[in-house]
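These notes are about the structure you will find just below.
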Amino acid sequence: MLWGKKKEDEDQEVVSDSIDTGPPIDQKPFWQVIWPVLACGAGLFSDGYVNNVIGSVSTTLGLEYGDVYNNSNAASIVPAIAFAGTVVGQLFFGYLSDKWSRTNSLLISTIILIIFTALAAGSYYHGDAVGLFNILTAWRFFVGIGIGGEYPAGSVSCAESSGELKSGTRNTWFILFTNTMIDWGFVFGAFVPYVVAAAAHNSHYSTIWRTSLGIGVVFPLVLFVLRLRLKEPVEYSRNSMKHAKTPYLLILRYYGFRLLIVSLIWFIYDFSAYSFSIYSSSILANIYGDSTVLTTVFGWNTVINLFYIPGTMLGAPISDRLGPRYTLILGQVLQAIVGFIMAGCYAKISHPSVVGAFAVVYGIFLSLGEIGPGNNIGLLAAKTCATGVRGQYYGIAAAMGKIGAFVGTYVFKHIKSSDGDPVKSAQYKFYVSSSLCIFAALLALLLPHIDQDTITKEDAKFRVFLESKGWDTRQLGLKKGESLEALPEESEDATVPVADKAE
């Protein structure tokens, strides 16, 4: 039952009551508590910007080079290749953030992002168009690796640092500095090409796309300076496995099914969300026709992307009220309903005369996606596993999401009517996306409830599990140079919940 308590939830409440979550949080100035959360999570702005701006860049390249670009493999590869690099970055930095350092992993990923975004903006190959496309593709792959590091290192550190914030607001702040940053990146990724195109009078196409890409360097450069002052999150220092042999078989046994569900939901969400965002300018161009100037297409694309913002910002406090799981389900069901309505009405709203109505309905569809999985899938990935493996767990789930985005950018091009009717083709996209929303909502029912102290409680429960399997939990938080022999033996009481001791 959706709103009833399942046995797993009841068990969690029992464990919650029996686990000592430590002393109350020290009273610190708000800025001192919030800035590590901001510095860790806000790098995802670059993810939203770099991934969304490429849709406008691709549209501009099509106008600059015509069939040389539109009929080449680059037309498909350039918008999608960053997703492949992101998957590599998420998996690599997921391991690195668990086994080496959260903060140092963040710094390296930021440096990669700065360097290769700048190189992508300056792509050139002896005046040869095809060579330029290949160079741009290569740099975009490495940009993706930098973006990938933001997920397991940045978002995980953000979740762990949010534990010092006031209870009842932790999910909200996590969302505002992770998914909301991605969404603002989407907005600026649409708005900047509009401003540049207007300044270039809808000509000088090379200037438009190079400048739009190059501006993506500014934000990670500022963020890099902030991150130089970051320290390792307290939870990571206390429960990491960086100097222990990671018991992967035990971890898979304990978290395998949960990871599969989180990964599937993320795959489904990114399959639709990133595909729609990348092709939104193309959808608008099809509505207006080939004669429309870039500022018109980019302007309406900005309006559409702005609808992400109310969804993520209004949905953030709902995640604290209902919990991430139920909020995700609510958003997915509502998004599916709007998607089915939009598919049915698409023929009436896909005309230049009513493009405002199209933008509003399409925007509501996107906004509901942010209230649901957009805001909450990262929360679920960050808080449904223990600290010692959180980077790798989160990295795998996020990588599955980006694989979904990568697949979606290819598949969406081929979801079309057999007779080539553009109206039917667009309708089919919304039917597919809405059906997947319902499926993702059903999957979310299989996940545990997340509350304000879940990270601390999850670490405690995982310790109990490891002890029950004979794994020495003194290895958690072990510092460099320390040996187990020099540490005191775990007492039997140390692994027994308080409720059991009372008996």
Counted residues in the stretch 119-134 being at pLDDT 90 or above and closer than 20 Å to residue 80 by Cβ come to 8
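State all residues of the stretch 99-109 that are of a type outside the set (D, E, K, R), touching a residue at least 24 places away in the same chain (Cβ under 8 Å) and more than 10 Å from residue 145 (Cα to Cα); if no residue qualifies, say none. Break it down into steps so the answer makes sense when it comes.
Looking only at the stretch 99-109, we keep the residues that are of a type outside the set (D, E, K, R), and these are 100-101, 103-109.
Now restrict to residues that are touching a residue at least 24 places away in the same chain (Cβ under 8 Å): 100-101, 103, 105-109.
100, 101, 103, 105, 106, 107, 108, listed by residue number.
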Working only within the stretch 313-335, note down all residues that are within 21 Å of residue 454 (Cβ to Cβ) and β-branched (Val, Ile, Thr). 318, 327, 329
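So which of 76, 167, 72 ends up being in contact (Cβ under 8 Å) with a residue 60 or more places away in the chain, assigned to a helix (DSSP H, G or I) and at negative phi?
On the way: 167 fails: assigned to a helix (DSSP H, G or I); 72 fails: assigned to a helix (DSSP H, G or I).
Result of the check over 76, 167, 72: 76.
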List pairs: first residue in the stretch 250-265 and over 12 Å from residue 444 (Cα atoms), second residue of a type outside the set (D, E, K, R) and buried (at least 21 other Cβ atoms within 10 Å of the Cβ) anywhere in the structure, Cβ distance under 6 angstrom, at least six positions apart or on different chains. 251/389; 255/385
Taking interchain pairs and intrachain pairs at least six residues apart, which have beta carbon atoms under 7 angstrom, with the first residue in the stretch 406-427 and without any contact (Cβ under 8 Å) to a residue 40 or more places away in the chain and the second among the small types (Gly, Ala, Ser) and in a loop (DSSP other than H, G, I, E, B)? 424/417; 425/417
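Any residue in the stretch 253-267 that is of a type in the set (D, E, K, R), modelled with pLDDT of 75 or more and more than 24 Å from the chain's Cα centre (by Cα)? Step through it out loud before you land on a result.
Within the stretch 253-267, the subset of a type in the set (D, E, K, R) is 253, 258.
Filter once more, keeping what is modelled with pLDDT of 75 or more: 253, 258.
Within this subset, residues satisfying the condition of being more than 24 Å from the chain's Cα centre (by Cα) are 253.
Checked the stretch 253-267: at least one residue is of a type in the set (D, E, K, R), modelled with pLDDT of 75 or more and more than 24 Å from the chain's Cα centre (by Cα).
Residue-wise test of (1) buried (at least 24 other Cβ atoms within 10 Å of the Cβ); (2) closer than 18 Å to residue 346 by Cα; (3) modelled with pLDDT of 90 or more; (4) of a type in the set (Gly, Ala, Ser).
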position	(1), (2), (3), (4)
382	yes, no, yes, yes
385	yes, no, yes, no
398	yes, no, yes, yes
402	yes, no, no, no
408	yes, no, no, yes
411	no, no, no, no
416	no, yes, no, no
424	no, yes, no, no
If residue 420 meets every condition in (1) within 20 Å of the chain's Cα centre (by Cα); (2) at positive phi apart from one, which number is that one? (1)
Among (1) modelled with pLDDT under 85; (2) touching an Asp or Glu at 6+ places or on another chain (Cβ under 6 Å); (3) closer than 28 Å to residue 333 by Cα, which single condition is residue 495 missing? (3)
What are the residues in the stretch 85-121 that are touching an Asp or Glu at 6+ places or on another chain (Cβ under 8 Å) and surrounded by fewer than 24 Cβ atoms within 10 Å (Cβ to Cβ), if any? 101, 103
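Quick check, is residue 47 buried (at least 23 other Cβ atoms within 10 Å of the Cβ), in contact with an Asp or Glu (Cβ under 7 Å, 6 or more places away or on another chain), among the acidic types (Asp, Glu) and in a helix (DSSP H, G or I)? Working first, answer last.
Numbers: buried (at least 23 other Cβ atoms within 10 Å of the Cβ): yes; in contact with an Asp or Glu (Cβ under 7 Å, 6 or more places away or on another chain): yes; among the acidic types (Asp, Glu): yes; in a helix (DSSP H, G or I): yes.
Here the answer is yes, as residue 47 does meet what is asked.
Quick one: which helices (runs of 4 or more DSSP H) sit completely within the stretch 183-267 and have at least 3 residues that are of a type in the set (S, T, N, Q)? Reasoning before the result, please.
Working: elements: 205-214, 218-227, 234-239.
Because the criterion is at least 3 residues that are of a type in the set (S, T, N, Q), the helices (runs of 4 or more DSSP H) in the stretch 183-267 that meet it are 205-214.
The values are calculated or read from the model by the stated rules, or taken from the named source; none is laboratory data. Small disclaimer: the values here were computed from a predicted structure and weren't measured. As a convention, Cβ positions derive from the backbone with ideal geometry for all residues, glycine included, and neighbour counts pool all protein chains shown.
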